[in-house]
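The values are calculated or read from the model by the stated rules, or taken from the named source; none is laboratory data. Computed from a predicted structure; not experimentally measured. Note that each Cβ is placed from the backbone with ideal geometry, even for glycine, and that neighbours are counted across all protein chains shown. When the accessible area is computed, the model is the full protein with side chains, heavy atoms only, and any ligands, DNA or RNA have been set aside. Shrake-Rupley method; radii C 1.70, N 1.55, O 1.52, S 1.80 Å.
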Amino acid sequence: MSFLFGGKPQLSSEQKIAQAEAEIDMMSDMYARLISSCSKKCIDTSYREADLNKGESVCLDRCVSKFFEVNLKVSEKMQGEAQARGGGGGGMFGA
Amino acid sequence: MSFLFGGKPQLSSEQKIAQAEAEIDMMSDMYARLISSCSKKCIDTSYREADLNKGESVCLDRCVSKFFEVNLKVSEKMQGEAQARGGGGGGMFGA
Amino acid sequence: MSFLFGGKPQLSSEQKIAQAEAEIDMMSDMYARLISSCSKKCIDTSYREADLNKGESVCLDRCVSKFFEVNLKVSEKMQGEAQARGGGGGGMFGA
Amino acid sequence: MDSLTQAEQRELQNRMEKKQMKEFMNMYSNLVQQCFNDCVNGFESKSLTSREESCVMRCVDKRMKGSERLGTRFQEQNAAMAQSGTLPGR
Amino acid sequence: MDSLTQAEQRELQNRMEKKQMKEFMNMYSNLVQQCFNDCVNGFESKSLTSREESCVMRCVDKRMKGSERLGTRFQEQNAAMAQSGTLPGR
Amino acid sequence: MDSLTQAEQRELQNRMEKKQMKEFMNMYSNLVQQCFNDCVNGFESKSLTSREESCVMRCVDKRMKGSERLGTRFQEQNAAMAQSGTLPGR
């Protein structure tokens with residue numbers, strides 16, 4: 001999920017750490033959102049059983065896959081628009 | 001949205017910065033809530049078109065206006081109550 | 001709500017403060033969630049009256065009680081599992 | 001928490017004060033958003049109708065009373081648990 | 001806020017820059033989650049259907065336009081309030 | 001991230017540990033709230049009914065298994081993306 005961070009040259013040590021920190025924060029935010037969305041879409045809240053049944057398990061697996069695909073599509077779209085607008089790389093969504 | 005902050009006299013430099021920071025945080029929190037509420041109330045989630053249609057656009061404009069009005073009413077109400085309770089100004093909602 | 005924090009011996013001053021801070025943060029997070037859940041379950045959102053009626057008041061009281069009980073059950077369950085898995089105390093849910 | 005020295009308690013106090021300000025602001029903007037969501041549903045005009053406005057006023061009243069009541073009960077339960085020693089992890 | 005010295009304003013600027021990055025990332029992941037929630041409802045396969053994919057694309061477009069419009073109106077209202085002095089607490 | 005020196009990695013590690021504690025606590029209270037919301041709907045008494053209690057127990061079980069499964073898949077996908085170089089912005 002580290003797609004927001006272009007290859008900016010010559011960062012100070014503090015900046016490098018802060019960037020790595022931001023990447024991890026972004027990842028764990030995405031993870032929390034995925035847990036929330038996929039649980040809501042796949043888990044039967046009557047909780048008749050304590051185990052995930054077959055349908056729920058398959059749904060969760062596919063949900064992760066689709067969530068990543070949406071993330072990828074959105075990031076590609078925004079990169080495309082940023083490039084169309086801004087020209088050169090190095091920016092937020094610059095490749 | 002800076003209505004929480006009375007005119008406290010004689011702040012240290014750090015306190016002044018912290019207060020300005022708090023005002024900005026408050027503003028951007030309100031902004032995030034406005035985006036969430038007005039998008040939910042006005043945007044058709046079937047996404048049949050990529051553009052905002054006329055109805056959605058008008059709804060969003062009015063939504064901002066009403067959101068601000070609610071904010072104003074609530075803050076006036078709370079100031080009134082704070083004054084009725086506490087007497088003099090200078091407090092949280094003091095004018 | 002300080003059940004996450006075992007009795008770790010010999011902490012530095014900074015660690016002790018940080019732990020106390022974490023306990024308070026946990027508590028105020030739980031409090032915010034309780035406000036959100038119990039308001040949603042008990043308060044009639046047509047707001048026909050400005051006061052809590054009898055039914056709402058009783059519901060709120062019982063809601064707090066049940067929320068604490070759920071919290072207790074969940075924490076006991078997780079402690080039990082942590083012990084079954086890890087053996088000795090001192091860990092996250094260690095007694 | 002009771003094993004903190006006085007100096008440590010002061011430092012903790014300091015850190016908490018900033019958070020309290022933040023929590024209060026959060027409580028406030030949450031109240032605005034909730035009452036907006038619950039009371040404002042028509043967008044035929046750019047001003048609140050009188051019906052919406054009085055709904056918002058009652059909403060603020062009722063929710064604040066609710067939060068106060070919940071806060072009192074929360075503290076009572078916490079105190080009871082601390083006393084009976086049912087706090088797990090201790 | 002206008003009473004800050006230049007040095008204080010620089011320090012404030014500094015702190016804000018970190019937050020802006022964070023807010024942008026939050027805006028981004030919120031967009032992903034919203035469009036996922038609104039457009040993806042079938043789990044018969046592990047890839048997006050073309051219907052879901054185009055829904056996501058329109059969702060991103062529409063929501064970004066919506067946020068832009070809301071942002072403009074928000075600033076206008078703020079400016080109007082600041083001018084008319086109806087900002088309470090001032 | 002791989003271009004950090006060892007000292008930088010240690011500092012990063014340090015900062016992450018505080019966050020992990022916070023995330024764990026957040027995961028925990030989220031679990032309590034979700035299972036409360038899903039399982040407790042009657043307020044005729046101040047204690048959980050046995051039906052509610054067993055619902056909460058199954059809810060905790062099922063949700064934790066769900067999160068575990070999602071976590072595994074999340075890491076697999078991340079690893080796959082890193083390898084195939086489809087990580088945009090790189």
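What the table below lists for this structure:
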read-out: Simple Cβ-charge dipole of chain E, Lys/Arg +1 and Asp/Glu -1, about Cα centre, in debye nearest 20; value: 40 debye
read-out: Where Cα atoms sit under 23 Å apart: lysine pairs in segment B:12-73 separated by 8 or more or lying on different chains; value: 7
read-out: Cα-based equivalent ellipsoid of chain D: semi-axis lengths in Å, sorted from largest, via gyration tensor; value: 39, 18, 9
read-out: Accessible-area value, residue A:23, 1.4 Å probe, nucleic acids and ligands omitted, Å²; value: 20 Å²
read-out: Rounded tilt (10° steps) of D:6-39 against the dominant C-alpha axis of chain D; value: 20 degrees
read-out: Rounded to 10°, Cα long-axis angle of helix F:50-84 versus longest principal axis of chain F; value: 10 degrees
read-out: For chain F, built as a Gaussian network whose Cα springs stay under 10 Å, the top-fluctuating residue of F:27, F:16, F:57; value: F:16
read-out: Alpha-carbon centroids, segment F:25-49 and segment D:17-33: separation in whole Å; value: 24 Å
read-out: Charge dipole magnitude, Cβ of K and R +1, D and E -1 - the protein assembly as shown, Cα centre, debye nearest 20; value: 680 debye
read-out: Closest-to-axis residue of chain B (Cβ criterion, axis taking B to C), whole Å; value: B:36, 9
read-out: Dipole moment magnitude, nearest 20 debye, segment A:12-73 about Cα centre, only Lys, Arg, Asp, Glu C-beta charged; value: 340 debye
read-out: Whole-Å distance, taken between Cα centres, linking segment A:30-88 and segment C:61-77; value: 31 Å
read-out: Prolate/oblate/rounded call for the protein assembly as shown, Cα gyration tensor, a/c under 1.5 rounded; value: rounded
read-out: Where only C-alpha atoms are counted, convex hull volume of segment C:12-73 per residue in Å³; value: 94 Å³
read-out: Positive-pole candidate from C:63, B:22, D:20, dipole of the protein assembly as shown, charges at beta carbon; value: C:63
read-out: Solvent exposure, largest accessible area first (probe 1.4 Å, DNA, RNA and ligands not counted), of C:76, F:68; value: F:68, C:76
